[in-house]
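The values are calculated or read from the model by the stated rules, or taken from the named source; none is laboratory data. Since we're looking at a predicted model, the values are computed, not measured. Here the Cβ positions follow ideal geometry from the backbone for every residue, glycine too, while neighbour counts run over all protein chains shown. Side chains included, ligands, DNA and RNA excluded: accessible areas come from the protein's heavy atoms. Shrake-Rupley method; radii C 1.70, N 1.55, O 1.52, S 1.80 Å.
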Amino acid sequence: MLRDEQKLIEYFADAPDDISLSDVNLDNLPSHISVIMDGNGRWATRQGKERGEGHIAGISSLREIITACVRLGIDVLSAYAFSTENWKRPQHEVDLLMHLFATTLLKELPLFHQENVKLVFLGDIEALPEKTREVFEQGLAETAGNTGMVLALAVNYGARAELARAARTLAVRVARGDINIEDINENAVAASLYTAGLPDPELLIRTSGELRLSNYLLWQLAYSEFYVTDTLWPDFDRWELLRGIKAFQGRERRFGGVKA
């Protein structure tokens, strides 16, 4: 994706001592960065606040990372916002999250248009509360023609459910005679996932120090580079993003092979 060099330099001005834009190779950026946004509740607890305040603070971090990725020219940014397991949380917290999803998306639509961001969703949004679902559908429709960075938000998403859904889709196609069993290969499975048409993440960032995938993009992350930081999501900013990219660029990616 093309980037505005002047806006890029301005956005990453006033760098801290340990990281700056010059520390990363702008010709070797991951095309798809994915983030597991973890630690909102713990951040709020440490601040002596209700958990909901952590979710509200986390919105600002996501906004900053969206802008940073646009400035860098990243093709796809995906973010794990709400898992299929998150329905187990207290009802008042779930209700707050659904409200925040709807109100935040409406508020950010002008920014998406300004930055030419196309919105897509990973997960079963049909099962969301009606108001939230309607706002999501509005966001999809209004940004469908945008040609810049793709923002893929995983909401009501679970990787195992996604794979089961893909298996059902392929089984139905075989039963209808559209394809043969022999046609079911890795490409066919990938084309049946929520991420169909998107490149697999090259860099996965997880905040809060947790060392697990939490049922997220199990197929797509097969060869992604992981960057885990102890920073809680509401404290994650553009400089933390650069640290993750710098770590990514220091890896030797062999994809199961060896380099001469």
Could you tell me which residue of the stretch 88-102 is surrounded by the most Cβ atoms within 10 Å (Cβ to Cβ), considering only residues that are within 19 Å of the chain's Cα centre (by Cα) and more than 15 Å from Met37 (Cβ to Cβ)?
Ala102
Can you find a residue that is in a loop (DSSP other than H, G, I, E, B), out of contact with any helix residue (DSSP H, G or I) (no Cβ under 6 Å at 6 or more places or on another chain) and within 23 Å of Thr229 (Cα to Cα) anywhere in the stretch 57-70?
no
Tell me which residues, restricted to the stretch 33-73, are among the polar types (S, T, N, Q) and either within 16 Å of the chain's Cα centre (by Cα) or crowded, with 20+ Cβ neighbours inside 10 Å (or both).
Ser34, Asn40, Ser60, Ser61, Thr67
Checked against (1) over 22 Å from Asn156 (Cβ atoms); (2) touching a residue at least 40 places away in the same chain (Cβ under 8 Å); (3) assigned to a helix (DSSP H, G or I), Phe101 satisfies every condition except (1)
Name every residue in the stretch 161-189 that is under 30 Å from Ile245 (Cβ atoms) and open to solvent by 40 Å² or more (accessible area, probe 1.4 Å), in order of residue number.
Leu163, Glu186, Asn187
Looking at the stretch 8-43, which of its residues are touching a Gly at 6+ places or on another chain (Cβ under 8 Å) and without any contact (Cβ under 8 Å) to a residue 40 or more places away in the chain?
Gly41
I need a count of the residues in the stretch 1-27 that are among the β-branched types (Val, Ile, Thr) and either modelled with pLDDT under 95 or crowded, with 17+ Cβ neighbours inside 10 Å (or both).
2
For the stretch 124-225, which fully contained helices (runs of 4 or more DSSP H) count at least 3 residues that are touching a residue at least 40 places away in the same chain (Cβ under 8 Å)?
159-176
Can you tell me which residue within the stretch 74-98, out of those that are in contact with a His (Cβ under 9 Å, 6 or more places away or on another chain) and in a helix (DSSP H, G or I), is farthest from Phe136 (Cα to Cα)?
Glu93
Failed condition for Pro30, given (1) out of contact with any Phe, Trp or Tyr (no Cβ under 9 Å at 6 or more places or on another chain); (2) buried (at least 21 other Cβ atoms within 10 Å of the Cβ), with all others met?
(1)
Which one of these is modelled with pLDDT of 95 or more and either touching a Pro at 6+ places or on another chain (Cβ under 6 Å) or under 30 Å from Leu2 (Cβ atoms) (or both): Gly145, Gly158, Gly177?
Gly145
I'd like to verify a number: residues in the stretch 226-249 that are without any contact (Cβ under 8 Å) to a residue 40 or more places away in the chain and either in contact with a strand residue (DSSP E or B) (Cβ under 9 Å, 6 or more places away or on another chain) or in a helix (DSSP H, G or I) (or both), how many?
6
